[in-house]
Every structure is written in structure tokens, then in C-alpha cells.
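The values are calculated or read from the model by the stated rules, or taken from the named source; none is laboratory data. Here the structure is a predicted model, which is why all the values come from computation and not from measurement. Glycine also receives a Cβ, built like all others from the backbone with ideal geometry; neighbour counts cover every protein chain displayed.
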Amino acid sequence: MHIASKLPQVGTTIFTVMSQLAQQYNAINLGQGFPDFKMDKVLIELADKAMTGGCNQYTHTNGLPALRGTLAEKVKQLYTTSIDPETQITITPGGTYAIYTALTSILHPGDEVIVFEPAYDSYVPDIVLNGAKPVFIALQYPAYSIPWDEVTKNINAKTKAIIINSPHNPTGTVLSEEDIEALRILVANTAIIIVSDEVYEHLIFDGTPHQSLLRYPDLLERSFIIFSFGKTYHCTGWKLGYCIAAAPLMQEFRKVHQFNCFSCDTPKQYALATYLQEKDKYVQLGTQIQQKRDYFRTLMQQTGFVCIPSHGSYFECYSYAALSNKPDTAFAIELVQKAGVATIPVSSFYHNKTDEKVLRFCFAKKEATLLEAAERLKHL
């Protein structure tokens, strides 16, 4: 039986490949973006309490009302923006799902979507599955800044959407006020929709303010803004996130959502609705994770890798140009086999495999894990 693939160019992802190699060679996995330290036991206890208390059946398709209400309060506090929890917030099974749903709700065959590379790996397949065309714009190496003049040149009547991501995966860069102003000018008087991937909202460092599109009413009215509980509370396996959008956009989002997922994990939503009251847990998160970034930076100074500074996310990129001329994928595989450390080659985040001799490291790990990884890398 022959099936005409909708994604004929897609095979096993580099994340799966590197994780399998890490297991095979008993390597330290600094590739995939998940913590190896425990989440807060209080949140676990709240989920257990909800389950034993009988909160195990379907909840509202748009998300537990109490959770959506708490999120609206959080947005008001952080960004001084009023969000209607009834019409503007939907709970989703993870941020990646929310991105897919947002794009599916707006894209038609022939539409174009601006994608900045290196890019999180789900963006392009989501676009292609909907019959639309990704328009690639490379971020300017090594700062990975957006070339706004290049964006302007690629805007045309077919441009349906722009995907932005801050803090950025894989590079850890963050958008500035100047970037936001450039975006506002670019989309003014157009029908362009923005999909803003903000799953690392609270993982931001160096006192840098997060330029969420929730701060800007003119951008909010044309945006789907995506968040992740998994990244905020170190429980990526819970696969829970949410989307905030203007009511007309959210109405279309929910049309797709109700037939794809219908409803998300009920007891965990009860747990999160209560846990979100502990505001310090997310307000102080950036400082806590920055300590891990800084510790890893100090360790990496003893190796031949050169840091490309991250200001947010779980990740920091490092150049290995002083160590090898090999392609980044080959060098990453060699690191697993010979040094026992798994990373992700940044070329895998480009459609044309642009290779700047850069690897992405996840520093959201225990200090002992980071120390052992650096010790292994010192002996290259």
C-alpha cells in the first residue's frame, strides 16, 4: 500500500538521533531541552490531590476556568494588559501543539509564512502540512539578530504570517524594544498575523525585560501568543501549555482545537491553577536558571569552545571552529563517541543546513551533570 507523504523530506529528527547515540555511548545528554533535576514536589502533591479528589474526567474544552482566570490575572500583573479568560485563553497539550493549531487555523494553500532561521523544528512542517510556503530569512550570525530590511523585502500579498520566537530556541537571543518597533512598523496597515513563540517567557537573564507581544495592544490584536507550563515548572513531560489571542483569532483556533484535542489533562490543570498563586516560582525563575548558565560558562572557559552569549531559554550555543573543521553534525557525533557528551548541531535548525561550526548545549541540568560534561570536553 503506497501513501503519498505530506512530509516527504522529513525523517528521524536530530534530537532522536542524538538521544539514541547518548544512550548507546552512555553519554551526558546536553542535547534535548529538558531538566535532569526534579520539579517542585508541591506541584506533584497538588496534582496527586486533584486525582485522589476525583478530578479525573474531561474539563472544559478551552481549559479549566479557574486556570484560565488565574492566567488572566498573571498577564495583568506582568504586562498590564487585560485578557478575557473566556474568549482569549485556551489551554493546550503543550506549546508545540499550540503553534500547530494557530497555523492550521489561518493558513490556506499558497499562503506564505516568514520563518527566521535557525528555527525550532516544528515550524516548517506545520506550514507545509497546511499547504503553505515557508519563506526563510537567516538571522545574522553570530549575534543572531533579525535583518529587518530583509524581512521587508520578502513581504508581499501572499504573506499570511510571521513566526517570532523570544527567548529564542536554539540561540537564546531575545527581542529588543527596537525589534518590536520594527515589527510594529512592518505589519501596520497589513493583514499579517503573528505567531509569537514565548514558551521561555520566564527563562530570561541579565535583567533583560521580556518583550512579550502581550505588552503591545496593536500587536496582540493580530497575534497568537504561545506559552508552556512545562518549561516554566520543569515538567516538560506534562505537555501542557496555552495560547492567548484576540477573540476573533481565538475563535478560529478553538475550531481546530476542539476536533484535535478537545480537552487537556484535568488534574494537572487543577494543580497549576493553585500553584500559579505562588508568583515567586515564576518571577525568580530567570535568576535561578541564569546561575546554571553562568556556571556552565565558567566551566566551558576551560575548553576550546567559544561562547555565543545566550540571554534566555535552556540553551547556549558554542563555536568549535578552533577545535575542528568538521561539519557540525559529524563533530557532534564525534563528541558523543569520543567525549561522551551529546549536543545538537545548529545546522539542523536550517532548511539548507547552514553550518557555522556551532553546537547547542542545554544547561538546564544539575551542577554535577554540567561539571562532568565540561570535564569530558576539556580532554578533546
So the strands (runs of 3 or more DSSP E) completely within the stretch 269-380 holding 1 or more residues that are touching a Ser or Thr at 6+ places or on another chain (Cβ under 9 Å) and of a type in the set (Val, Ile, Thr) are 306-308, 358-362
When every residue in the stretch 210-268 that is among the hydroxyl-bearing types (Ser, Thr, Tyr) and not in a loop (DSSP other than H, G, I, E, B) is compared, the one surrounded by the fewest Cβ atoms within 10 Å (Cβ to Cβ) is Thr266
Over the stretch 102-121, the set of residues at pLDDT 95 or above and within 30 Å of Glu316 (Cβ to Cβ) is Ala102, Leu103, Val113, Ile114, Val115, Phe116, Glu117, Pro118, Ala119, Tyr120
Checked the stretch 144-162 for anything part of a strand (DSSP E or B) and in contact with a Leu (Cβ under 8 Å, 6 or more places away or on another chain); matches are Ser145, Lys160, Ala161, Ile162
With the first residue restricted to the stretch 60-87 and required to be under 22 Å from Glu252 (Cα atoms), and the second required to be surrounded by fewer than 20 Cβ atoms within 10 Å (Cβ to Cβ) and modelled with pLDDT under 95, Cβ contacts under 8 Å at 6 or more apart or on different chains are Thr61/Phe262
Selection from the stretch 97-110 of residues crowded, with 18+ Cβ neighbours inside 10 Å and in a loop (DSSP other than H, G, I, E, B) yields Leu107
The condition from (1) surrounded by 13 or more Cβ atoms within 10 Å (Cβ to Cβ); (2) not charged (D, E, K, R); (3) not in a loop (DSSP other than H, G, I, E, B) that Gln23 misses is numbered (1)
Apart from one, (1) exposed (fewer than 15 other Cβ atoms within 10 Å of the Cβ); (2) under 23 Å from the mean Cα position of the chain (by Cα); (3) outside the structural domain of Val199 (by TED's automatic domain parsing) all hold for Gln140; the odd one out is (3)
Among Pro93, Pro85, the single one that is within 21 Å of Pro267 (Cα to Cα), surrounded by 15 or more Cβ atoms within 10 Å (Cβ to Cβ) and under 22 Å from the mean Cα position of the chain (by Cα) is Pro93
Do we find that Gly172 is on the phi > 0 side of the Ramachandran plot, surrounded by fewer than 23 Cβ atoms within 10 Å (Cβ to Cβ) and in the same structural domain as Ile155 (by TED's automatic domain parsing) in this structure?
no
Expected single match for modelled with pLDDT of 95 or more and either of a type in the set (Ser, Thr, Tyr) or touching a strand residue (DSSP E or B) at 6+ places or on another chain (Cβ under 7 Å) (or both) among Ile99, Ile44 is Ile99
